[in-house]
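Take a look at the structure below.
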């Protein structure tokens, strides 16, 4: 067993790969840049055969070389898979064995010292020319030191035995790991000209990536949002990345090198199918509202614009194989205007809304975000933002509610021989504020829209709604005092010919 472990320890350094110098992490892959001194040998035709080793997760088809020195150039490139010992598994085991061995050697040295002290005290048993009182004092001190020394020696012997057992188990694990193999790529480059002493190259590596993590805390009283952005990064290349220049990119690199075929443009009669029952309009509006809510030390990372994506320079970082790590990207404070958005036709809740604007455009890729309101977590959902402004929602305020009371609802006929049909409705919206401070509220309701020129609609509202760019929307802004309420009265009258089948809509 010892010979096998020694052989592995001698072999392990020789299997080390080239160390990456720069890594660009994409959401589900990485572009790795390395510089290494390849193993070169003469080949036929005056060429040199240079061998490189790439991780098994690498895509050899993406291998690209930098400029070679002098007149040297790549004449041919081949690769094949081979099996190597699992370096990622061996490295921590060898380190653990070295640590345990050092602890055992330290305990053994301390045990030798204790045994030496015991031998010294045992040598003092010869009485010599001493008085009875001196002999009694010597016997007491001798007994105490021998007891203490014996206890220390026994504890150290047990510790050494325990460490020897742990070392034996680790050596068994090392032997087992040495038997486990993994696939790597052996790349052979035929080089014309002088054999290069150094090669710079890059390739794409799978099973690596990063994902954004956001934290947005709304502070309405201060009129701001505390924002933080972190990246959870990982790599399973089987090799530790030490002190590499790390970039985080927002999207996968484009790999399509040629255009797709143009499909034919065919113009033909439309096939009409029987329309199935549609989802209720209220459910559609709910879905739209949900979509709006969702859409709605070292040097700090620096954004770098590429041709088709943005990247952040994270500086020099180390990332062990197989480990996930959290890296800070950005922290800041966004000024924001807060209000409570209510849509009484959907529910009675008041949604805390924040609108914020930025001096420079922002591009925050999709990721998981925690939304907080005054220190309390209110939601966790996907978040992304692009542009100079954003609308965000931070849950509901239970102290603000809206009650809808129907005052009148009737259907009738009028005119000569009942040639007209009419629909009348009156209702009241009452917004109540149970908080200890005034609240800014925006109330939104759907505007009734006739979809036939034979239908007439008369809408009355007190107070009058705001002038909105959206013709399908009725909106009011109000300041509801602490402990008070705000009331909106609405009246609707629709008329249509008696022979016209009218659907008054979901709001009816």
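The numbers here are math on the coordinates, done by the rules we state, and not lab data. Computed from a predicted structure; not experimentally measured. Cβ atoms come from the backbone with ideal geometry, glycine included; neighbour counts cover every protein chain shown.
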Next item on the list: Could I have the simple spin-label model distance between residue 310 and residue 451, label points 7 Å from Cα toward Cβ, reported in nm to one decimal?
Entry: 4.0
Checklist line | residue 363 paired with residue 169, simple spin-label distance in nm, labels 7 Å along Cα-to-beta-carbon | finding: 5.2
Notebook entry, point to check: Computed FRET efficiency, Cβ-Cβ of residue 47 and residue 242, R0 35 Å: what is it to the nearest 0.05?
Noted result: 0.55
Check: Beyond 15 Å, what percent of the Cα pairs of the stretch 420-472 remain?
Finding: 64
Item checked: FRET efficiency estimate (nearest 0.05) - Cβ-Cβ, residue 466 to residue 22, R0 60 angstrom -> 0.65
Item checked: Debye log10 I(q)/I(0) for the stretch 400-497, one point scatterer per Cα, at q = 0.13, 0.17 Å⁻¹ -> -0.56, -0.83
Notebook entry, point to check: How high is the relative contact order of the stretch 400-497, in percent, counting Cα pairs under 8 Å that sit 6 or more residues apart?
Noted result: 37
Next item on the list: For the stretch 315-435, state the average projected area of the convex hull of the C-alpha atoms over all orientations, rounded to one decimal in nm².
Entry: 14.4
